[in-house]
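Some notes on the structure that comes next.
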Amino acid sequence: MAGDDGDGLVVGLLGHEVGQRDVERRRELEQGGEARVGAGVLDLTMEEGRLFVKGPAGRIEPVEAIPGIDAVAPKNVHIGPVWTVAQVRDARSLAALRPDMDALANWTNKVGAGGVTLFAPSDDCVAAIHVRSFAPAHGIPEDPVCGSGNLSVAAYLKQAGALAKYGNTYVARQGAQCGRDGRVHMRVDGDAIWLGGDAVTCVDGRIET
């Protein structure tokens, strides 16, 4: 999650809600809810057994070309974390990328971004787009499935008027190069961008303060 405020909460809730079958909490979330995290107060909702979180309002600005990566129209997307987002020609080119992590870390520090999230049109019937997120400046060469990265891609597509190609509701595929092959469900509803997904409970416990 590359240090995101909020993603960890969502994944934690997903694991609890789906893994533990907490019926009462599920019903509450189906009616809507919220959670306070470092990025602010995030709206939550449960739809068809899948938890969705509403992303923070974003700010987008152009940025210089990403060195060593053939990607078009890079922009910094501010949604709490700052991701440089850009499009790669196709899914095979995206999958084949092997960025110079030291150079990428230095560049993201220079342009004020936490990392780089790249996307490409899908070449399969599983998802609309493929996504990869790199945050070497934060000690994370590649984030297998990144919530804030996918929110940033959706904000980028919305601003560029490119959602017609993928739909206001689409699935992004991420993590295959890390052995994870995750799915992220995105929905753009007017000015609101919602991110949803499923999770598997690996560790169950409680933190008390």
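The values are calculated or read from the model by the stated rules, or taken from the named source; none is laboratory data. Predicted, not measured: the structure shown is a model, and the values here were computed from it. Glycine also receives a Cβ, built like all others from the backbone with ideal geometry; neighbour counts cover every protein chain displayed.
Could you list, in sequence order, the residues of segment 94-124 that are under 13 Å from Ile66 (Cα atoms) and either surrounded by 22 or more Cβ atoms within 10 Å (Cβ to Cβ) or modelled with pLDDT under 95 (or both)?
Residues satisfying the conditions are Leu104, Trp107, Thr108, Ala113, Gly115, Val116, Thr117, Leu118.
Restricting attention to segment 190-209, report how many residues are aliphatic (A, V, I, L, M) and part of a strand (DSSP E or B).
The number of residues fulfilling the criteria is 3.
Just to confirm my filter: which strands (runs of 3 or more DSSP E) fall fully inside segment 70-189 and include at least 3 residues that are within 26 Å of Arg50 (Cα to Cα) and of a type outside the set (Phe, Trp, Tyr)?
Counting at least 3 such residues, we get 115-121, 129-135, 169-174, 182-189.
Of everything in segment 76-113, what is in contact with a helix residue (DSSP H, G or I) (Cβ under 6 Å, 6 or more places away or on another chain) and either of a type in the set (S, T, N, Q) or under 26 Å from Gly161 (Cβ atoms) (or both)? Give them in sequence order.
Those that are in contact with a helix residue (DSSP H, G or I) (Cβ under 6 Å, 6 or more places away or on another chain) and either of a type in the set (S, T, N, Q) or under 26 Å from Gly161 (Cβ atoms) (or both): Val77, Ile79, Pro81, Trp83, Val85, Val88, Thr108, Asn109.
A quick yes/no check of all residues on (1) without any contact (Cβ under 8 Å) to a residue 24 or more places away in the chain; (2) within 11 Å of the chain's Cα centre (by Cα); (3) farther than 14 Å from Ala86 by Cβ; (4) crowded, with 21+ Cβ neighbours inside 10 Å:
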{"position": "Val126", "(1), (2), (3), (4)": "no, no, yes, no"}
{"position": "Asp143", "(1), (2), (3), (4)": "no, yes, yes, yes"}
{"position": "Gly149", "(1), (2), (3), (4)": "no, yes, no, yes"}
{"position": "Ser152", "(1), (2), (3), (4)": "no, yes, no, yes"}
{"position": "Ala160", "(1), (2), (3), (4)": "no, no, no, no"}
{"position": "Asn168", "(1), (2), (3), (4)": "yes, no, yes, no"}
{"position": "Arg180", "(1), (2), (3), (4)": "no, no, yes, no"}
{"position": "Val184", "(1), (2), (3), (4)": "no, yes, yes, yes"}
